[in-house]
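Enquirer: Okay, here's the structure, questions in a sec.
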Amino acid sequence: MTTDLDQQIGLWRGHVERRRAISARDVDEMEAHLRDQVNDLLAVGLDDDEAFLVAVKRLGNLDAVSQEFAHEHTERLWKQLVTSEEAAPRPSPDLWVAIALAIGAAVVVRLAIALLSPERVALNASVLVLPFVTGYFAYKRRPSGVTVAAVAAAYAGSALVLNLYPFEVDGSTIVIAAGHAAAALWLLGVGVAYAGGRWRSHRRRMDFIRFTGEIIVYYALLALGGGVLVALCAGAFAAADITIDDILAETVLPCGAAGAVVVAAWLVEAKQSVIENIAPVLTKVFTPLTVVMLTAVAAAFIASPDVLEVDRSLLLVMDLILVLVVGLVLYALSARDRSEPPGLFDALQLGLIVLALLVDALVAVAMVGRVAEWGWSANKATALGLNVVLLVNLVWSAWLSWGFLRHRRGITALERWQTSYLTGYAAWAVGVTLVVPPLFGFA
Amino acid sequence: MRIDKDLVAASATPLVLGILVEGESYGYAIGKRVHELSQGRLAWTDGMLYPLLHRLERLGYVSASWQVSEQGRRRKHYAITGSGRAALGEQQRQWTVVNETLDRLWRGGQAPAGVFGGA
């Protein structure tokens, strides 16, 4: 094959690669096809140009092909949507909708601070802020009336339960209810709206998991930037001998935190390609680090088992570790190229899960004896329950992941398990919000 | 004769799986085999083959691996899996029913030729 032809194929490659629904690997595969075809055509007597043109023509209309690719790889679908080739860079109305909703969230939070006690505001935080994120996705996805009604009912129900339950203000059930209601609303409110009502679809669920991971990264970045800005502002005013602590604490911080949730949601949708490069990197960095951390923890527990008997908050820490591990597994899964065969990283991830299970088993054994002695409290019951919920997920994930490493099963099995399990989390969060406070006398 | 594009799409999965039963293969060779088998009458848009192969891979019907040919060309090879064979069996049963039904109807002469021959 001549250099001229190579050059032409290079140009074709560049042209195809601009279709962002077609990944570089897919282009590799199609280039091999193109070259095979060109060779065959050259062999029957066509010249370079003719062979190239016929081969390209036979591959078909690029728009149609790339649409097929986007259809098959829905995780790339948004690229197809945001990068139609002729689209002019004009500001989209999405931005204005997002800004309006962010301001709405900030105003509602400020009003709540003015009208309610601080504990009530904290308790209702999810009911106050998440409807605005949900509203953004309702605007983007245009779900059916039934979906909108169901989501609205979830918010109304949560608001009623949270505010009609006679919580003791400094009790622990109020904190438990607030946290679990937020988790439930994230899945049943934001999640359902994000999926445009098609919440049964595994792909939509996986997209939502990816969205959740990415919004955490964006929110952390915004919080960091906002924090620096607020600190600088406070410093400047302090230097001028003006105290603005009240304004910061009552207006700037809570309103900023509320508005940032909507802005982060918009960012994830609009600037997906920026973060898409960060997500896999973060997982690749933190999975080995977490393995190291868990090894150290496990070694410490085995070396001096008496540590386990002292600290009552250990169970909570253990839950957080399991949440982190589940998060890493989900994040890695959502950023994974499905067509890649099992590799070293998958083995490392299985190691991570097994280590987490080992540490959890050590803690559980120590705790079971102790719980009887301390008696049950709302915190302990919830922490233990959450531990079981996460444990079930991880045990089965380990099994599926083992099957994948041994080429017995596709990665899809693990994906399906995780996406199906979202229903379990939602049920758990709703159950805890409803049952735990009355069970423990709202203490 | 041009085969209707819906019919081409419907027959693509059993065709690809059937060809892979003959042995591991790659996109271009699969396309060529279809051309050969249909004596050029089943026209595929070559590019469409790849999204289809990726779908079959996701469903677990085929497994894929990158290999390098003697000419040093990197190619993605596809091989049929157990569940792919099962899916092919199911498709074969379905196609047989469709075939037999149409065959009985048309051979029996119960339909006037104009209904399907005219347009």
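Enquirer: Just one of (1) within 14 Å of chain B (Cβ to nearest Cβ); (2) touching a Lys or Arg at 6+ places or on another chain (Cβ under 8 Å) trips up A:Leu41, so point out which.
Expert: Against the list (1) within 14 Å of chain B (Cβ to nearest Cβ); (2) touching a Lys or Arg at 6+ places or on another chain (Cβ under 8 Å), A:Leu41 comes up short only on (2).
Enquirer: Test A:Ala413 against the stated conditions and say whether it is crowded, with 21+ Cβ neighbours inside 10 Å and either more than 20 Å from A:Leu187 (Cβ to Cβ) or of a type in the set (A, V, I, L, M) (or both).
Expert: Criteria not met by A:Ala413.
Enquirer: Go through (1) within 14 Å of another protein chain (Cβ to nearest Cβ); (2) more than 29 Å from A:Arg336 (Cβ to Cβ); (3) among the aliphatic types (A, V, I, L, M) and name the single condition B:Val98 misses.
Expert: Of (1) within 14 Å of another protein chain (Cβ to nearest Cβ); (2) more than 29 Å from A:Arg336 (Cβ to Cβ); (3) among the aliphatic types (A, V, I, L, M), only one is false for B:Val98: (1).
Enquirer: Another one. Any residue in the range A:95-111 that is at pLDDT below 90 and outside any helix (DSSP H, G or I)?
Expert: no
Enquirer: Of these, A:Asp337, A:Asp360, which one is part of a helix (DSSP H, G or I) and touching a residue at least 40 places away in the same chain (Cβ under 8 Å)?
Expert: Exactly one of A:Asp337, A:Asp360 is part of a helix (DSSP H, G or I) and touching a residue at least 40 places away in the same chain (Cβ under 8 Å), namely A:Asp360.
Enquirer: From the list A:Gly385, A:Gly403, A:Gly351, which residue is within 14 Å of chain B (Cβ to nearest Cβ), surrounded by fewer than 21 Cβ atoms within 10 Å (Cβ to Cβ) and part of a helix (DSSP H, G or I)?
Expert: A:Gly403
Enquirer: Could you tell me whether the range A:214-229 includes any residue that is over 22 Å from the mean Cα position of the chain (by Cα), surrounded by fewer than 12 Cβ atoms within 10 Å (Cβ to Cβ) and of a type in the set (A, V, I, L, M)?
Expert: Within the range A:214-229, one or more residues are over 22 Å from the mean Cα position of the chain (by Cα), surrounded by fewer than 12 Cβ atoms within 10 Å (Cβ to Cβ) and of a type in the set (A, V, I, L, M).
Enquirer: Could you run through the range A:420-443 and say how many residues are surrounded by 21 or more Cβ atoms within 10 Å (Cβ to Cβ) and among the β-branched types (Val, Ile, Thr)?
Expert: Looking only at that region, the number is 3.
Enquirer: Tally the residues that are more than 18 Å from B:Leu15 (Cβ to Cβ), basic (Lys, Arg) and not in a strand (DSSP E or B), restricting the search to the range B:51-102.
Expert: Adding up the residues that qualify gives 2.
Enquirer: Let me ask you something else. Among the residues of the range B:54-91, which ones are within 22 Å of A:Val27 (Cβ to Cβ), surrounded by fewer than 20 Cβ atoms within 10 Å (Cβ to Cβ) and at the interface with chain A (Cβ under 9 Å from one of its Cβ atoms)?
Expert: B:Arg55, B:Arg58, B:Ser63, B:Ala64, B:Ser65, B:Trp66, B:Ser69, B:Gln71, B:Arg73, B:Arg74
Enquirer: Answer with yes or no whether A:Gly225 is out of contact with any helix residue (DSSP H, G or I) (no Cβ under 9 Å at 6 or more places or on another chain) and not acidic (Asp, Glu).
Expert: yes
Enquirer: Follow-up. Go through (1) within 14 Å of another protein chain (Cβ to nearest Cβ); (2) surrounded by 11 or more Cβ atoms within 10 Å (Cβ to Cβ); (3) among the aliphatic types (A, V, I, L, M); (4) under 22 Å from A:Glu340 (Cβ atoms) for B:Leu20 and report which single condition fails.
Expert: The number of the failed condition is (1).
Enquirer: Only one of these conditions is not met by A:Leu185: (1) modelled with pLDDT of 90 or more; (2) more than 24 Å from the chain's Cα centre (by Cα). Which number is it?
Expert: (2)
Enquirer: Pick from the range A:190-213 the residues that are charged (D, E, K, R) and assigned to a loop (DSSP other than H, G, I, E, B): which of them is surrounded by the most Cβ atoms within 10 Å (Cβ to Cβ)?
Expert: My answer is A:Arg198.
Enquirer: Cβ-Cβ below 9 Å, separation at least six or inter-chain, first residue in the range A:21-36 and more than 8 Å from chain B (Cβ to nearest Cβ) and at negative phi, second part of a helix (DSSP H, G or I) and among the hydroxyl-bearing types (Ser, Thr, Tyr): which pairs?
Expert: A:Ala21/A:Ser66; A:Ile22/A:Ser66; A:Ile22/B:Tyr50; A:Leu34/B:Tyr28
Enquirer: Here's a follow-up. If you go through the range A:161-180 one residue at a time, how many are touching a Ser or Thr at 6+ places or on another chain (Cβ under 8 Å), over 11 Å from A:Ala443 (Cβ atoms) and small (Gly, Ala, Ser)?
Expert: Result for the range A:161-180: 2.
Enquirer: May I pose another question? Within the range B:31-50, which residues are more than 10 Å from chain A (Cβ to nearest Cβ), aliphatic (A, V, I, L, M) and either assigned to a loop (DSSP other than H, G, I, E, B) or in contact (Cβ under 8 Å) with a residue 40 or more places away in the chain (or both)?
Expert: B:Leu42
The values are calculated or read from the model by the stated rules, or taken from the named source; none is laboratory data. What you see is a predicted model; the values in this text were computed from it and never measured. Cβ sites come from the backbone with ideal geometry, for glycine too, and all protein chains shown count toward neighbours.
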